[in-house]
Amino acid sequence: NDLTREEAAQMAFNTLKAPMVEYASSGSSIVVGDTPIYIGGSNASVVTTNNTYGANISNEKADGATNYTLQFGERYFQNLTLEGSVDEFGRPAHTWANGKTDIGTYSSSADFTYTADCTSGASKTALERELRNYDFSKLAAADVFTNGKAEGSSTTAGSATIKSASDLAAKTGNGLLVEVYANNDRVVTAVVVVETELMQISRINTSNKTVSLKKVVGSYNVANVDEDNASYATLSGMKADDYVLIVPVYDAVADNYKVASVSEPTMTTGKITAVTTSGGVNKTITMNGEAYSIAKIAGTDLTGATPNTTNDYTLWLD
């Protein structure tokens, strides 16, 4: 079968990271029909090097001591490097570069992802069962991020406040994204929480090319969005007082939060016909025959008040 362009690119990429091998002897061969069959060849041995470029892509040492295992990319593209890093949200990532030119930083895929409230009941039981064989004891405070800001600076194993699946469940909530990263030994290496908040556009300054935002619900203030921010084009095309969904991310250099992404919420209007509660907190609201889960980051008018069934309300949805 023909390869697609994507499949061919993936195979070429895999080749860059493949260890090189050599054979002391190829053995002898016989030809059956038009097909050569090789017999008696030696086993493949991994090619190693003590040159520094042997650590450009992988710093694995085949003999456990001095020589690096040589990858195909290290042998034939000696300016190509691969380094571990994190993205702006704290996700484990890897950065490719060609000499002094960065090619790009690419985030790893999470091992587990949660977007709903798993703090109690069947959802908590399911989360704990899913993570029952995973070790949280090595998790450091510096490896737990909320919107790109680390829980703490400590890199000491076990210094994070999340020490179990139950602790992780407490971080979840409707409208939140919680990601868990682990290594092949089922040791949790990072936890990333991303909160999306509802804001309003307070001002669009066309002369300075900035957009100012104000909180509606949530705890983040974000810096003005200028034309260098990828979200500026979307926000500047809207109007003052428009509602927007904002994902803030921490900017360590400026020590504030900036807009990482923006989207427009949907809304629905009508009478609220039913409310479910748990522990004195509203959990779902039914409007126009559909039940909506209430976001963890929501106003007290949603979480605590009892809506009047005779009034019309507007719900803003993520």
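The values are calculated or read from the model by the stated rules, or taken from the named source; none is laboratory data. What you are looking at is a predicted structure, and each value in this text was computed from that prediction instead of being measured. Here Cβ is always computed from backbone atoms with ideal geometry, including for glycine, and neighbour counts include all displayed protein chains. Side chains included, ligands, DNA and RNA excluded: accessible areas come from the protein's heavy atoms. Shrake-Rupley method; radii C 1.70, N 1.55, O 1.52, S 1.80 Å.
Overview of values
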| quantity | calculated |
| --- | --- |
| Charge context of L131, other residues only, Cβ under 15 angstrom, K/R +1, D/E -1 | 0 |
| Accessible area of the range 130-228 belonging to carbon and sulfur atoms, whole % at 1.4 Å probe | 40 percent |
| Residues N208 and T269, FRET efficiency given R0 of 22 Å [Cβ-Cβ distance, rounded to 0.05] | 0.05 |
| 29 Å Cα-Cα reach of K258 towards lysines, excluding residues that sit fewer than 8 places from it in its own chain | K100, K149, K171, K209, K214, K215, K239, K296 |
| Net dipole in debye of the range 38-159 [+1 Lys, Arg Cβ; -1 Asp, Glu Cβ; about Cα centre; nearest 20] | 140 debye |
| Nearest 10 degrees, 0 to 90: helix 121-130 Cα axis against the chain principal axis | 10 degrees |
| Most to least accessible of F72, F89 (protein chains only, probe 1.4 Å) | F72, F89 |
| Probe 1.4 Å, protein heavy atoms only - accessible area per residue of the chain in square angstrom | 58 Å² |
| Burial order of peptide ranges 133-142, 166-175 (average beta-carbon count within 10 Å, highest first) | 166-175, 133-142 |
| Between 0 and 90°, nearest 10: helix 5-16 axis offset from the chain longest Cα axis | 60 degrees |
| T146 accessible area, 1.4 Å probe, all protein chains in place, Å² to nearest 10 | 40 Å² |
